[in-house]
Amino acid sequence: MRITFCLTDTNPLPWLQGFQAAFPDAVIEEWARGSTPADYAVVWAPPQQLFDEQTALKGVFNIGAGVDALAKLRLAANVPVVRLDDAGMSVQMAEYVCHAVIRHFREFDGYEADAAAGKWSYRKPRSREDFPVGVMGLGVLGERVSRALTQFEFPVLGWSRSAKAVEGVRCFSGSDGLNDFLAATRILVCLLPLTPETENILNRDTLSRLLPGGYVVNVARGGHLIDEDMIALIDSGRLAGATLDVFRTEPLPAAHPFWKHPKITVTPHTSARTLRDESIAQIAGKIRALEGGADIGNLPGVVDRKKGY
């Protein structure tokens, strides 16, 4: 068996070593132009040339949950694309989102500013009932985040393309349910996959439908948000602010207004980092299943190429 790696902006050596330990008898190598045909590819943001040359692949494994970079490329229709379905990311995402929601709800950002100015301040406690949290996207990560938020007794809503049921979460689905979902939400968390249907979904119209004083937490992709629309709504007072971990251009350009906006918190795409050892174990297990004759349709994380996730 031969496995090829193409990990843009990622040191491949620890990955190569980890997979060699998992498959001692396999040929594990970093992809280069003209590489020997491989059985499987492990990738992150690979170039089109890899797929133009590697025409014998039995599977492509993405080392992240989002596959929007692969969706832009031409892959043979019969080659399954498999994403990470957790690998330690869901608990990180739950931590990040709960922190962002609680920081806003408890006004810790205001206390931080006051402390920096040497000011001892007091703010009247808020009611959780007045801060329903809506989670857009109820996949593996979205469901874990939703369940975590319920532990803090926030009213939690969820919206997804198709109908889902999550205990303790009021669920909406489809285009017919989107407006009702937004109208009942004050803190909006975006965990959607980036597809042609969801690109620019966080815009002036949708964000204006939130309850007054809405707050945005985007931990999905920068392409979901129209930056100028959100800034205008914050500056007008329609939105209270935002916590953003993903951006259209990364790293975020130094001149971007997000950096200095007093009501926007920026973090460097760190809400849920890929954990190498957990990812290697998950991918290796799936490769073993395929080599053992498993039905690809029963493998967790297989991407529906038509839906884009």
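The values are calculated or read from the model by the stated rules, or taken from the named source; none is laboratory data. If you're wondering where the values come from, they're calculated on a predicted model, not measured in any experiment. In this analysis, Cβ positions are derived from the backbone assuming ideal geometry, glycine residues included, and neighbour counts consider all displayed protein chains.
For the range 266-306, filtering for residues that are in contact (Cβ under 8 Å) with a residue 40 or more places away in the chain, in a loop (DSSP other than H, G, I, E, B) and more than 22 Å from the chain's Cα centre (by Cα) leaves 0. Return yes when VAL91 is touching a Lys or Arg at 6+ places or on another chain (Cβ under 9 Å) and of a type in the set (A, V, I, L, M, F, W, C) and no when it is not. So VAL91 fits the description; yes.
Within the range 215-260, the set of residues being more than 21 Å from the chain's Cα centre (by Cα), within 23 Å of ILE102 (Cβ to Cβ) and surrounded by 17 or more Cβ atoms within 10 Å (Cβ to Cβ) comprises LEU233, ILE234, LEU239, ALA240. Close contacts from the range 124-144, counting a first residue that is touching a residue at least 60 places away in the same chain (Cβ under 8 Å) and under 14 Å from ASP86 (Cβ atoms) and a second that is surrounded by 22 or more Cβ atoms within 10 Å (Cβ to Cβ) and among the polar types (S, T, N, Q), with Cβ to Cβ under 9 Å and a gap of 6+ residues or different chains, come to GLY139/SER160.
Cβ separations smaller than 9 Å between residues 6+ apart or across chains give the following pairs from the range 195-213 residues that are under 28 Å from ASP304 (Cβ atoms) to residues that are small (Gly, Ala, Ser) and assigned to a loop (DSSP other than H, G, I, E, B): THR195/GLY308; PRO196/GLY308; GLU197/GLY308; THR198/GLY137; THR198/ALA220; THR198/GLY308.
Is it the case that some residue within the range 166-177 is modelled with pLDDT of 95 or more, more than 19 Å from ASP86 (Cβ to Cβ), in contact with an Asp or Glu (Cβ under 9 Å, 6 or more places away or on another chain) and buried (at least 22 other Cβ atoms within 10 Å of the Cβ)? Yes, because at least one residue in the range 166-177 is modelled with pLDDT of 95 or more, more than 19 Å from ASP86 (Cβ to Cβ), in contact with an Asp or Glu (Cβ under 9 Å, 6 or more places away or on another chain) and buried (at least 22 other Cβ atoms within 10 Å of the Cβ).
Anything in the range 199-218 that is closer than 17 Å to PHE105 by Cβ and outside any strand (DSSP E or B)? List them, or say none. If the condition is that a residue be closer than 17 Å to PHE105 by Cβ and outside any strand (DSSP E or B), then LEU210, LEU211, PRO212, GLY213 are the ones that fit. Pull up the range 89-98, narrow it to residues that are surrounded by 15 or more Cβ atoms within 10 Å (Cβ to Cβ) and not β-branched (Val, Ile, Thr), then point me to the one that is nearest to VAL133 (Cα to Cα). Here the residue is CYS98. Counting only helices (runs of 4 or more DSSP H) wholly contained in the range 1-119, the ones carrying 3 or more residues that are over 28 Å from TYR309 (Cα atoms), at pLDDT 95 or above and within 26 Å of the chain's Cα centre (by Cα) occupy 89-105.
All of (1) of a type in the set (D, E, K, R); (2) more than 24 Å from GLU250 (Cβ to Cβ); (3) loosely packed, with under 13 Cβ neighbours inside 10 Å hold for ARG273 with one exception: (2). Remark: ASP68 matches the filter, which requires a residue to be more than 22 Å from MET1 (Cα to Cα) and touching a Lys or Arg at 6+ places or on another chain (Cβ under 7 Å).
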